[in-house]
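Asks: I'd like to ask you about the structure that follows.
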Amino acid sequence: MKVLVTGGAGYIGSHTCVELLEAGHSVVAVDNLCNSGKKSLDRVREITGKELDFYEGDLRDEGLLERIFRQHKIDCVIHFAALKAVGESVKKPLEYYGNNIGATLSLCRAMDKAGVRKLVFSSSATVYSADNRMPLSENAKTGDCTNPYGWSKYICERIVSDFAASDNSRRVAVLRYFNPVGAHPSGKLGEDPKGVPNNLMPYITQTVLGRRECLNIFGDDYPTPDGTGVRDYIHIVDLARGHLSALEYIDGRPGVSVFNLGTGKGVSVREMVAAFEKVNGVTVPCRIAPRRAGDLAVCYADAEKSAKELGWSAFRTIEDMCRDSWNWQKNNPNGFEE
Ligand code: NAD
Ligand code: UDP
């Protein structure tokens, strides 16, 4: 298949390009590089020994999308391109709604014009309401999002679902990711956040590297076994492969299909730190800090539907995630910068 990957230079996009190329697909990537750089794609070429086409530009530029669809016979689209920082979305809601919804609308319009019928959309566990019981199954309540980023994903899910419903030859998969972490085992590709990391794993790796003084554990008084927050961390390579399963799955299924991509297991902040220290033989300096506003105590997936229907499960362990994250970070202390 020839796959258009939007946001292909980003963290999840670049790892998915590797898996697509290694499975024998052709890849066309498009990215405006607002949160990434071209070097990640050079690393994709290095790891796979294969070429991919790259267009630098904004998805809201419909002319660019029309040109891409004219120049390539695209079979399906994986749509990663979005702004994703929860805190920033609270300060810049219009930018987040404008970018994430604008990009999705212009992509759907260009797909419509070009007659491209298959779409895999990157969504997030953040679309689930906070009052659900764990684990979260795909039919748990959604909405009541606590920030504009979450609402933008919720609205885009609606858009791509209605897009699918309006023409029964369209096939759409909505994938709700839990907590993607880790890096490609080669150590050549990984997460390279700009500025101070918001997420746990890059904060840990930068702390061990000495770029941050110590990890702030946001709360140790949650109703969890050790008092720290519990999340469903999923290895980036497992997550990337979930997209290949989704492409196969939707091939014969019109309409919209929704799947969680998670492991179904919760891991606490303290457990993650302990695993990181043990696997890598390092110390992670930590201190207890106040709870972070908007954080849930516990969040993990019900992974049954993905296993049964999609035929996909995550099998890489927390130890794999810690080892690969550190391998990437220590080999690339400044990320993709030389
Ligand atoms: P990322 O920032 O590394 O990648 C997103 C890419 O999209 C970046 O390279 C950015 O430059 C590009 N982009 C953004 N807006 C664009 C636009 N208008 N036109 C063209 N390119 C644009 O983020 P990621 O972690 O790889 O996330 C990919 C997707 O997965 C996003 O949709 C995100 O919301 C979703 N997601 C991520 C996580 C996570 O924890 N990383 C969790 C759940 C969902
Ligand atoms: N966390 C933490 N310190 C940090 C970053 C995160 O203690 O510097 C905790 C956070 O409170 C949550 C877990 O780690 O319990 C995962 O946070 P992350 O931001 O990575 O993911 P999300 O909250 O979006 O699930």
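The values are calculated or read from the model by the stated rules, or taken from the named source; none is laboratory data. None of the values given here were measured: they were computed from a predicted structure. Cβ sites come from the backbone with ideal geometry, for glycine too, and all protein chains shown count toward neighbours. Side chains are part of the model used for accessible areas, which takes the heavy atoms of the whole protein and leaves out ligands, DNA and RNA. Shrake-Rupley method; radii C 1.70, N 1.55, O 1.52, S 1.80 Å.
For (1) open to solvent by less than 10 Å² (accessible area, probe 1.4 Å); (2) in a strand (DSSP E or B); (3) among the basic types (Lys, Arg), each residue gets a yes or a no:
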| residue | (1), (2), (3) |
| --- | --- |
| Arg212 | no, no, yes |
| Val237 | yes, no, no |
| Leu244 | no, no, no |
| Phe259 | yes, yes, no |
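Asks: Inside the range 245-287, can you point out the residues that are of a type in the set (A, V, I, L, M), farther than 30 Å from Arg211 by Cα and either touching a Leu at 6+ places or on another chain (Cβ under 7 Å) or within 12 Å of ligand 2 (Cβ to nearest atom) (or both)? It would help to see each step written out before you state the result.
Replies: We begin by selecting, within the range 245-287, every residue of a type in the set (A, V, I, L, M); these are 246-247, 250, 256, 258, 261, 267, 269, 272-275, 279, 282, 284.
Cutting the leftovers down to farther than 30 Å from Arg211 by Cα gives us 246-247, 250, 256, 258, 261.
Scanning the range 245-287 gives Ala246, Leu261.
Asks: If you don't mind, there's one more thing I want to ask. What number of residues in the range 308-320 are within 16 Å of Asp232 (Cα to Cα) and either aliphatic (A, V, I, L, M) or touching a Cys at 6+ places or on another chain (Cβ under 6 Å) (or both)?
Replies: Result for the range 308-320: 2.
Asks: Please state which one of Ile234, Ile217 is within 25 Å of Glu22 (Cβ to Cβ) and β-branched (Val, Ile, Thr). Walk me through how you get there before you give the answer.
Replies: Working: Ile217 fails: within 25 Å of Glu22 (Cβ to Cβ).
Only one candidate qualifies: Ile234.
Asks: For the range 38-54, which residues satisfy the criterion of being in a loop (DSSP other than H, G, I, E, B), surrounded by 15 or more Cβ atoms within 10 Å (Cβ to Cβ) and out of contact with any strand residue (DSSP E or B) (no Cβ under 7 Å at 6 or more places or on another chain)?
Replies: The initial filter retains those residues of the range 38-54 that are in a loop (DSSP other than H, G, I, E, B), namely 38, 49-52.
If we keep only those that are surrounded by 15 or more Cβ atoms within 10 Å (Cβ to Cβ) as well, we get 50, 52.
Lys50 - this is the single residue of the range 38-54 that is in a loop (DSSP other than H, G, I, E, B), surrounded by 15 or more Cβ atoms within 10 Å (Cβ to Cβ) and out of contact with any strand residue (DSSP E or B) (no Cβ under 7 Å at 6 or more places or on another chain).
Asks: Residue by residue through the range 321-338, note down the ones that are among the small types (Gly, Ala, Ser) and either assigned to a helix (DSSP H, G or I) or in contact with a Cys (Cβ under 6 Å, 6 or more places away or on another chain) (or both).
Replies: Keep residues of the range 321-338 that are among the small types (Gly, Ala, Ser), which gives 325, 335.
Hit for the range 321-338 is Ser325, nothing else.
Asks: Also: Would you mind stating whether Gly7 is away from ligand 2 (no atom under 16 Å from the Cβ) and open to solvent by 30 Å² or more (accessible area, probe 1.4 Å)?
Replies: On the way: away from ligand 2 (no atom under 16 Å from the Cβ): yes; open to solvent by 30 Å² or more (accessible area, probe 1.4 Å): no.
So Gly7 does not fit the description; no.
Asks: Are any residues in the range 116-151 free of Cβ contacts under 8 Å to residues at least 24 places away in the same chain, of a type outside the set (Ser, Thr, Tyr) and open to solvent by 40 Å² or more (accessible area, probe 1.4 Å), and if so, which ones?
Replies: Selection gives Asp131, Arg133, Asn139, Lys141, Asp144.
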